[in-house]
Amino acid sequence: MIAPASSHAGPAWVQILLSIVGILGGTGGVGAMAAVLLQRRKFNAEAADVLTDTALTLVQPLKLRVAELEAETVVARQEVEKAAREVSDLRAAVWETTALIRRWRSAILAPNATLGQLRTLVSDTRSVQDDVYRG
């Protein structure tokens, strides 16, 4: 059986603390522990600086690329608007041409159509159509 601790030994935690100090080599060991703790803070600060510099190095090219892509987007939108206007103009031209062909067909198929009337119809519409497509 283990004998009870004497009253001169003090609390158990004090004994453990004294044992640790003895193991670490007295004040030299405590000084080493303090140095390690201070170095750790310095290391954390240096690591944060490195991470910040790395992030800034990576972000700058991305900012440039985003600016380039925004400029390309503006150009692409302008091209889309131009193409949409051209498509609209072409649809109008197709509609006008279809209407013209239908008028000519009706004139050709009319029972009392003459060659002179058809020539006049075609020559009158040609001058109007030429003006529309040249402008």
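Computed values, structure above
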| read-out | value |
| --- | --- |
| Equivalent ellipsoid semi-axes - Cα gyration tensor, segment 44-120, angstrom | 70, 8, 5 |
| Additional length obtainable on full extension of the chain from Val122 to Val14, 0.36 nm per residue less Cα span | 27.1 nm |
| FRET efficiency, Ile101 to Arg77 (Cβ-Cβ, R0 22 Å, nearest 0.05) | 0.05 |
| Gain on full stretching of the segment that runs from Gln39 to Ala67 - 0.36 nm per residue minus C-alpha separation | 5.9 nm |
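Computed from the coordinates by the stated procedures, all read-outs in this text should not be read as laboratory data. Just so you know, these numbers come straight off a predicted model, no measurement behind them. Note: ideal-geometry Cβ built from the backbone for every residue, glycine included; neighbour counts use all protein chains shown.
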